[in-house]
Amino acid sequence: MKKNNIYFLGLFLTTAFVSVAQQETREQQAKKTEVWTPVPPVITPADKPGGAPSDAIILFSGDSLSEWVSSKDTTKPAGWIVSGDVFMVNKPAGTIQTKRTFTDYQLHIEWRIPKNITGSGQARGNSGVFLGGWGTGDEGYEIQVLDSYKSETYVNGQAGSIYKQHIPLVNVNRPPGEWNVYDIVWTAPRFNNDGSLKSPARVTAFLNGALVQNNVEVKGDTRWIGTPEYHKHGPLPIKLQSHGDPSEPISFRNIWLRPL
Ligand code: MG
């Protein structure tokens, strides 16, 4: 074949290709940006709002605190007071924690300040959810539980706060006697082999359906006195706080978690 002929054949083929490409339908073009894998796992939603989806770990749904132990002695039962689908803090028994440990997760937990609550500020229905905790007391990362319905305290210590670190975006507390609902997304901190911090923990939290913490960066442990610090750890239990204030004990119910 002569050189000229090859040239014209090449030109013809190129023109034909371009012509075919131009004839692609809009549907064919749209398909190029469709993704079909990986397919998300199918889970079953709860039959009512606030219920656990089918892949959740049930940490308390009534009758038994079998998923919990005493933080003072993790070989001992939690020792808080179960009554039907509710359990109440038993302050002398101390803080309790999950038997299981977790890294990143979605948590649902409901809490109620008793109608007859007394006291003021931090001494009015104080408890807390340690999103990861260690030790026998208040060591860990606490999102506050407290009566903050028309009750004042320092704002980085009211209900919905990451204790002493992040003020909640709104005060959306229900009055004593009614149930409050937390839905929380926890991203655990990561550490380098030498113990230094690789990435801090992050929290997103809803209280009674309203956003109170929007992907905030946790600065370290949520201590009462002093500056937060990080110390290397792996997966941690969730702890519920027995606070030393003399006010009437609060209650919890419907606790479930989805590891992420
Ligand atoms: Mg507390």
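The values are calculated or read from the model by the stated rules, or taken from the named source; none is laboratory data. Small disclaimer: the values here were computed from a predicted structure and weren't measured. FYI the Cβ positions are ideal-geometry reconstructions off the backbone, even for glycines, and counts take in every protein chain you see.
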>> All but one of (1) in contact with a strand residue (DSSP E or B) (Cβ under 9 Å, 6 or more places away or on another chain); (2) over 12 Å from residue 238 (Cα atoms); (3) more than 16 Å from the ligand (Cβ to nearest atom); (4) in contact (Cβ under 8 Å) with a residue 24 or more places away in the chain hold for residue 118; state the number of the condition that does not hold.
In response: (1)
> For residues in region 72-108 being part of a strand (DSSP E or B), among the polar types (S, T, N, Q) and touching a residue at least 60 places away in the same chain (Cβ under 8 Å), which is farthest from residue 250 (Cα to Cα)?
Replying inline: 106
>> Just to check your reading of the model, which residue among 69, 35, 39 is touching a Ser or Thr at 6+ places or on another chain (Cβ under 9 Å) and farther than 15 Å from residue 254 by Cα?
In response: 69
> Looking only at region 121-133, which residues are in contact with a strand residue (DSSP E or B) (Cβ under 6 Å, 6 or more places away or on another chain) and away from the ligand (no atom under 11 Å from the Cβ)?
Replying inline: 131, 132, 133
>> Residue under question is residue 193, and the condition is that it be over 19 Å from residue 135 (Cβ atoms), in a loop (DSSP other than H, G, I, E, B) and out of contact with any helix residue (DSSP H, G or I) (no Cβ under 7 Å at 6 or more places or on another chain); does it hold?
In response: yes
> So, in region 233-251, of the ones that are more than 28 Å from residue 103 (Cα to Cα) and more than 11 Å from the ligand (Cβ to nearest atom), which residue ends up surrounded by the fewest Cβ atoms within 10 Å (Cβ to Cβ)?
Replying inline: 246
> For region 108-118, how many residues are crowded, with 22+ Cβ neighbours inside 10 Å and closer than 20 Å to residue 59 by Cβ?
Replying inline: 2
>> Give me the residue from region 119-161 that is acidic (Asp, Glu) and over 20 Å from the mean Cα position of the chain (by Cα) and, out of that set, surrounded by the most Cβ atoms within 10 Å (Cβ to Cβ).
In response: 147
>> Can you confirm whether residue 144 is under 15 Å from residue 236 (Cα atoms) and at pLDDT 95 or above?
In response: no
>> Among the listed residues 205, 159, 210, identify the single one that is away from the ligand (no atom under 16 Å from the Cβ) and closer than 20 Å to residue 50 by Cα.
In response: 210
> Given the residues 181, 170, 216, which is the only one that is among the β-branched types (Val, Ile, Thr), modelled with pLDDT of 95 or more, in a loop (DSSP other than H, G, I, E, B) and surrounded by fewer than 20 Cβ atoms within 10 Å (Cβ to Cβ)?
Replying inline: 170
> Can you name the residue in region 134-151 that is within 9 Å of the ligand (Cβ to nearest atom) and outside any strand (DSSP E or B) and, of all such residues, is nearest to residue 241 (Cα to Cα)?
Replying inline: 138
> among the charged types (D, E, K, R), modelled with pLDDT under 95 and either surrounded by 11 or more Cβ atoms within 10 Å (Cβ to Cβ) or in a strand (DSSP E or B) (or both) - does that describe any residue in region 48-69?
Replying inline: yes
